[in-house]
Amino acid sequence: SRHEVRFRIGVSQCSDDEWRHQMNNEMLREALFYDGVEVEIRTVKDDNARQAEDIRHFIEAGVDLLIVAPNEAEPITPVVEEAYDRGIPVIVVDRRILSEKYTAYVGADNYEIGKAIGRYVSNMLHGKGTVVEIAGLAGSTPAIDRHEGFMSVISACPDIRLLAKEDGAWLRSRAEERMDTLLARFPEIDVVYAQNDRMAAGAYAAAMRRKREKGMRFVGTDAIPGEGYGVEQVLSGELDATFIYPTGGDRVMQIAMDILNKRDFPRETILSTSVVDRDNAPIMKMQTAHISSLDEKIETLNGKISRYLARYATQQVVLYGSLLV
Ligand code: FRU
């Protein structure tokens with residue numbers, strides 16, 4: 001029957017923030033299109049040990065498939081390998097592990113994102129100036145790749161200097177602290193390259209407190225829509241630019257269903273990026289607002305269908321009951 005659970009999927013998220021919520025919503029909404037799929041999402045707050053526990057919980061519960069966004073690569077690798085060795089298909093998303101023992105990967109190419117930002121910054125500076133970088137959590141692969149991609153461009157510019165790189169752990173408050181010490185150390189900073197928009201907001205707040213925000217320009221990553229997030233940070237002028245880091249939750253769920261149904265699937269799915277700046281941010285805002293209204297309609301429709309089917313099911317029971325009398 002349609003209520004029978006055919007597949008149980010466990011999702012282990014490393015962090016709890018708007019980018020993750022968006023990805024989770026996409027996965028859950030996509031799962032509505034398949035019958036008999038049960039999705040359980042477990043979330044930690046940037047904690048390797050807790051995330052390993054969540055993954056172990058899913059292994060012991062015997063899920064049919066695991067989706068993992070690993071916090072830091074090294075500590076999460078062994079438990080993902082354990083799941084894989086036990087025959088559970090694993091889709092690694094967004095951040096990578098240090099092993100080939102996974103079934104599929106879905107995410108953007110963070111080295112390419114770093115390069116695109118490097119090119120943007122070198123154009124913005126006309127090849128001359130100073131930069132500070134607020135990087136993501138040191139042991140997470142996007143932090144490493146975004147830095148290396150960035151440096152591949154910047155180190156070829158003799159007159160652009162990276163003054164310092166600080167670990168902002170992907171968090172706004174940490175970035176704000178780190179930026180404050182950078183401001184104290186360096187009287188002149190032209191560009192702040194924050195590896196995500198949240199850290200850019202923290203860095204901007206620190207600069208504002210010292211009344212130095214007008215003298216520098218800020219570049220971020222993620223570009224998620226909605227009140228206070230990346231696209232609006234560009235619209236308000238706080239960010240010069242940000243780069244889309246696609247959440248791709250729907251794509252992840254489609255690949256999960258292909259794996260579970262023994263259909264062909266790509267082992268590596270690389271989602272694309274694009275710059276969001278003053279020129280295209282208004283369009284981006286319009287389009288994402290439209291998409292989110294369509295998403296709401298899908299959910300409303302789904303709720304109506306479920307209620308209809310539930311009523312239909314009880315009517316059958318009532319009918320059956322009355323036949324008995
Ligand atoms: C969300 C996030 C994003 C960042 C990504 C890197 O949890 O911190 O802001 O782009 O993770 O994996």
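What follows draws every value from the coordinates through simple rules; no lab data is involved. Being a predicted model, the structure only gives us computed values, none of them experimental. So basically every Cβ, Gly included, is an ideal-geometry build from the backbone, and we count neighbours across all protein chains shown.
For the reader, a short list of remarks on this structure follows.
- Percent of beta bridges antiparallel (DSSP, the chain, rounded to nearest 5): 5
- Local electrostatic count, S152, Cβ distance below 15 Å [Lys/Arg +1, Asp/Glu -1]: -1
- When only alpha carbons of the chain are considered, Rg and Dmax amount to 22.6, 90 Å.
- Dividing the helix sum by the residues of the chain, where each DSSP H run of 4 or more adds -39500 (n - 2.57), gives a mean residue ellipticity at 222 nm of -16000 deg cm²/dmol.
- Dipole orientation for the chain: of the candidates L32, S12, V153, L32 has the Cα lying most toward the positive pole (charges on Cβ; Lys, Arg +1; Asp, Glu -1).
- Summing Cβ point charges (Lys, Arg +1; Asp, Glu -1) relative to the Cα centre of the range 183-325 gives a dipole of roughly 360 debye.
- Cα-based equivalent ellipsoid, the range 134-227: semi-axes from gyration tensor eigenvalues, Å: 19, 18, 12
- The range 118-159, relative contact order [Cα under 8 Å, separation at least 6], %: 60
- GNM result for the chain, Cα springs below 10 Å: residue of R174, R29, R267 fluctuating most strongly: R267
- Neighbourhood charge, 14 Å Cβ-Cβ cut-off, centred on E81 and excluding it, Lys, Arg +1 and Asp, Glu -1: 0
- With distances taken between every two different alpha-carbon atoms, the range 169-309 has a Kirkwood hydrodynamic radius of 17.4 Å.
- Per residue, the convex hull around the alpha carbon atoms of the range 1-157 comes to 119 Å³.
- Based on Cα contacts under 8 Å between residues 6+ apart, the range 91-238 shows a relative contact order of 21 percent.
- Linear extension gain, L301 paired with L163, 0.36 nm per residue minus alpha-carbon span: 44.4 nm
- A Cβ-based charge dipole, computed about the Cα centre of the chain with Lys and Arg at +1 and Asp and Glu at -1, lands at about 500 debye.
- Between I97, I283, I244, the residue with the greatest mean-square fluctuation in the GNM of the chain (Cα pairs under 10 Å linked by springs) is I283.
- Lys, Arg +1 and Asp, Glu -1 on Cβ, resulting dipole of the range 246-310 about Cα centre, debye, nearest 20: 240
- Taking amide H as placed 1.01 Å from N in the peptide plane, the amide H of I160 sits under 5 Å from that of G129, each at least 5 places away or on another chain.
- Full-extension gain in nm, R263 to R278, via 0.36 nm per residue minus C-alpha separation: 1.1 nm
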